[in-house]
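Okay, so here's the structure we're looking at.
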Amino acid sequence: MAERKRRAVITGVGTINGVGRTARETWDGFLKGEIGYNNHREWMEEELSAQALNDRFFQEWLIKLVAKHQPERLKEFEDSRFGFQMLNTHLAGRVIGYNGRQDPDYPFAELIPERVYLREVGRAGELLNRATAEALTQSGVVDENLQPIGIDRTRFGFVIGSGLGGAALLGKIQRGLDMNIRPGAGDMYKGQPDNPTVVAKRLYRAEGPLISLTQACASGGVAPAVAAMLIERGMADVLVAGGTEALNAQTIALFEATRAANTSDNPKNASRPYDVTAEGAILAEAAGVLVIEDEDHALRRGAQILAFIGGIGIAGGGAQGATEMDPNGVTRVMAAALEDGGITPEDRFSNNPHATSTSLGDRSERQGILNLVNGSQYQPEQLEWIWPTKGFTGHSVGAAGGVEAVASVMAIQEGEVPAASTTSKVLEGLEELVPKTTRKLESGRVLSTNMGFGDQDVAVLYEAYEVAA
């Protein structure tokens with residue numbers, strides 16, 4: 001482990017997802033076994049139909065054309081939905097009832113005019129706004145108007161991961177172009193992958209490091225790792241780091257084509273991480289962030305420190321297929337984070353795994369974990385618990401690592417981990433490690449791991465904080 005002159009600590013957490021609108025609601029939901037996904041087939045069909053594209057002109061034109069040339073088919077066209085109708089997916093993790101600026105308790109209503117908001121803020125951005133408001137308020141670096149106080153804005157920034165970011169809008173823009181509809185004035189800005197990051201930067205007037213990361217399903221997990229490196233190198237005092245992801249039916253259709261999607265129509269126990277009978281991942285929308293701060297900076301301003309980042313690992317596995325996962329890459333990235341954190345054979349730790357409920361992915365990850373604790377450096381008794389959480393949230397892609405970073409810090413704060421209540425028949429070799437009931441977290445350590453398509457791996461070791469004597 002390299003000696004660090006600065007240490008990255010966590011002073012705030014925030015999340016919004018299908019289980020809860022805050023970190024506390026989410027954590028309590030995990031402990032109760034609540035799920036944040038449901039059957040949204042009707043919404044998906046509407047999203048993929050021509051009616052969902054705001055293209056009434058196309059609809060009217062097509063109906064007139066049919067009436068003129070094939071009047072006998074007029075009723076058929078009037079009653080049907082146009083567009084893609086071959087989707088097999090039914091379940092999704094939507095944040096129901098949260099409509100951004102139209103939400104009664106939207107935190108930025110006074111800071112951004114509605115006209116500007118509608119023109120420039122995408123769905124991933126508005127989810128991120130909500131999570132950052134919670135995290136920064138808890139950290140105490142913003143006032144009641146959510147503006148920075150007591151910090152140098154040139155050393156305050158954002159490191160945000162997302163699979164698509166604002167680019168989720170591009171499909172809708174293309175269909176508009178197909179119908180000769182000009183893009184809106186703000187669509188270029190709104191449709192960029194970095195839209196969530198730059199929107200947050202503007203709202204908080206941050207002038208420090210700004211980084212938008214795209215690393216598939218590992219995006220939200222690698223963001224805290226990068227933020228910690230920036231803090232340790234003295235390039236910032238306060239960084240908001242995590243992930244955000246919007247959800248649309250076009251993304252679901254793309255994911256379904258990978259054959260990794262869950263096609264059940266019943267949400268009960270549908271997402272079953274590390275289960276022998278796992279049937280695929282359920283896509284979701286969410287945002288989850290940490291406020292990561294230089295330790296000395298946090299102590300000087302009297303902040304409550306929730307945890308610290310003890311070690312990080314970033315690696316690529318050797319798999320050649322776009323959706324394959326190499327178990328050796330999983331082993332290496334976990335070992336790298338533990339070694340970076342100075343974990344010895346006497347130290348215990350728990351693991352909040354990626355565990356998306358896909359049969360191939362979960363089995364590869366399982367093998368990587370078993371290789372780690374059955375090797376020469378680490379032993380089985382060191383691994384306290386493996387506690388997956390996508391059984392509750394579904395898989396929020398680029399946001400997943402951010403939401404799970406929040407869960408990791410909450411576990412350390414609360415001293416317990418939730419049961420994997422949707423999993424019934426645990427994969428061989430993990431039976432005693434995946435908790436069937438809420439269990440005590442005695443080690444004070446959570447190794448949070450995320451693996452993205454393209455075999456992109458990240459591991460971050462979160463640890464309980466104690467003030468040095």
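Residues checked against (1) of a type in the set (Gly, Ala, Ser); (2) at pLDDT below 95:
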residue	(1), (2)
Glu346	no, yes
Gln367	no, no
Ser376	yes, yes
Gly401	yes, no
Ala407	yes, no
Val426	no, no
Pro435	no, no
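Where in region 23-128 are the helices (runs of 4 or more DSSP H), entirely inside, with at least 1 residues that are at pLDDT 80 or above and in contact with a helix residue (DSSP H, G or I) (Cβ under 9 Å, 6 or more places away or on another chain)?
Numbers: elements: 23-32, 41-48, 56-69, 74-79, 114-120.
Passing ranges, in order: 23-32, 41-48, 56-69, 114-120.
Cβ-Cβ under 6 Å, sequence separation 6+ or interchain: first residue in region 414-441 and without any contact (Cβ under 8 Å) to a residue 24 or more places away in the chain, partner assigned to a loop (DSSP other than H, G, I, E, B). Which pairs?
Lys436/Ala419; Thr437/Ala419
Which of the numbered conditions does Ile112 fail, given that it passes all the others? Conditions: (1) buried (at least 16 other Cβ atoms within 10 Å of the Cβ); (2) among the β-branched types (Val, Ile, Thr); (3) under 28 Å from Ala405 (Cα atoms).
Just one mismatch for Ile112, condition (3).
Every residue in region 404-438 that is surrounded by fewer than 18 Cβ atoms within 10 Å (Cβ to Cβ) and β-branched (Val, Ile, Thr), please.
Hits for region 404-438 are Thr437, Thr438.
Mind listing just one residue for me: the one in region 346-362 that is touching a residue at least 12 places away in the same chain (Cβ under 8 Å) and part of a loop (DSSP other than H, G, I, E, B) and, of those, surrounded by the most Cβ atoms within 10 Å (Cβ to Cβ)? Explain how you work it out, then say what you get.
So the first thing to find is which residues in region 346-362 are touching a residue at least 12 places away in the same chain (Cβ under 8 Å), and the list is 347-362.
Going one step further and asking which of them are part of a loop (DSSP other than H, G, I, E, B), we end up with 347-348, 353-358.
Working: Asp347: 14, Arg348: 16, Pro353: 29, His354: 31, Ala355: 33, Thr356: 26, Ser357: 27, Thr358: 24.
Ranking the qualifying residues of region 346-362, first place goes to Ala355.
Any residue in region 327-345 that is in the same structural domain as Gly221 (by TED's automatic domain parsing), out of contact with any Ser or Thr (no Cβ under 7 Å at 6 or more places or on another chain), without any contact (Cβ under 8 Å) to a residue 24 or more places away in the chain and among the polar types (S, T, N, Q)?
Yes: one or more hits.
If I go through region 367-382 residue by residue, how many of them are in contact with a helix residue (DSSP H, G or I) (Cβ under 8 Å, 6 or more places away or on another chain), surrounded by fewer than 21 Cβ atoms within 10 Å (Cβ to Cβ) and touching a residue at least 40 places away in the same chain (Cβ under 8 Å)? Give the steps one after another, and end with the answer.
Here is the first cut: in region 367-382, the residues in contact with a helix residue (DSSP H, G or I) (Cβ under 8 Å, 6 or more places away or on another chain) are 367-369, 371-375, 377-380, 382.
This time we only want the ones that are surrounded by fewer than 21 Cβ atoms within 10 Å (Cβ to Cβ), so: 367, 371, 373-375, 377, 379-380, 382.
Restricting the remaining residues to those that are touching a residue at least 40 places away in the same chain (Cβ under 8 Å) gives 367, 371, 375, 377.
Count: 4.
Keeping to region 146-181, report how many residues are within 20 Å of Ala223 (Cβ to Cβ), at pLDDT below 95 and in a loop (DSSP other than H, G, I, E, B).
Adding up the residues that qualify gives 2.
Based on what the data block shows, is Leu177 crowded, with 17+ Cβ neighbours inside 10 Å and among the aliphatic types (A, V, I, L, M)? Quick ask: steps written out before the conclusion?
On the way: crowded, with 17+ Cβ neighbours inside 10 Å: no; among the aliphatic types (A, V, I, L, M): yes.
Taking the combined requirement at face value, the residue does not satisfy it.
Just to check your reading of the model, which residue among Glu207, Glu134 is touching a residue at least 24 places away in the same chain (Cβ under 8 Å), touching a strand residue (DSSP E or B) at 6+ places or on another chain (Cβ under 9 Å) and part of a helix (DSSP H, G or I)?
Details: Glu207 fails: part of a helix (DSSP H, G or I).
Answer to the check: Glu134.
Of the residues in region 238-251, how many are surrounded by fewer than 24 Cβ atoms within 10 Å (Cβ to Cβ) and either outside the structural domain of Val141 (by TED's automatic domain parsing) or assigned to a loop (DSSP other than H, G, I, E, B) (or both)? So that I can check it myself, show each step before the final result.
If we filter region 238-251 for residues that are surrounded by fewer than 24 Cβ atoms within 10 Å (Cβ to Cβ), which is where we start, we get 248, 250-251.
Then drop every residue that is not either outside the structural domain of Val141 (by TED's automatic domain parsing) or assigned to a loop (DSSP other than H, G, I, E, B) (or both), which leaves 248.
So the count comes out to 1.
Tell me yes or no: at least one residue of region 140-150 is in the same structural domain as Ala405 (by TED's automatic domain parsing), buried (at least 24 other Cβ atoms within 10 Å of the Cβ) and farther than 23 Å from Asn450 by Cα.
Start the filter on region 140-150 by keeping residues that are in the same structural domain as Ala405 (by TED's automatic domain parsing), which leaves 140-150.
Adding the requirement that they be buried (at least 24 other Cβ atoms within 10 Å of the Cβ) leaves 141.
Adding the requirement that they be farther than 23 Å from Asn450 by Cα leaves 141.
Among the residues of region 140-150, at least one is in the same structural domain as Ala405 (by TED's automatic domain parsing), buried (at least 24 other Cβ atoms within 10 Å of the Cβ) and farther than 23 Å from Asn450 by Cα, which makes the answer yes.
Tell me the residue from Leu230, Leu254, Leu290 that is assigned by TED's automatic domain parsing to the domain that holds Val409 and assigned to a strand (DSSP E or B), please.
Numbers: Leu230 fails: assigned to a strand (DSSP E or B); Leu254 fails: assigned to a strand (DSSP E or B).
Testing whether each residue is assigned by TED's automatic domain parsing to the domain that holds Val409 and assigned to a strand (DSSP E or B) leaves just Leu290.
Listed here are the residues, each with its yes/no results for (1) of a type outside the set (Asp, Glu); (2) surrounded by fewer than 24 Cβ atoms within 10 Å (Cβ to Cβ); (3) within 20 Å of Gly402 (Cα to Cα); (4) under 23 Å from the mean Cα position of the chain (by Cα).
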{"position": "Ala284", "(1), (2), (3), (4)": "yes, no, yes, yes"}
{"position": "Val289", "(1), (2), (3), (4)": "yes, no, yes, yes"}
{"position": "Ala298", "(1), (2), (3), (4)": "yes, no, no, no"}
{"position": "Gly313", "(1), (2), (3), (4)": "yes, yes, yes, yes"}
{"position": "Gly317", "(1), (2), (3), (4)": "yes, yes, no, yes"}
{"position": "Glu324", "(1), (2), (3), (4)": "no, yes, no, yes"}
{"position": "Val330", "(1), (2), (3), (4)": "yes, no, yes, yes"}
{"position": "Met334", "(1), (2), (3), (4)": "yes, no, yes, yes"}
{"position": "Asp340", "(1), (2), (3), (4)": "no, yes, no, no"}
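The values are calculated or read from the model by the stated rules, or taken from the named source; none is laboratory data. All figures in this text were calculated on a predicted structure; none of them were measured in a lab. Note that each Cβ is placed from the backbone with ideal geometry, even for glycine, and that neighbours are counted across all protein chains shown.
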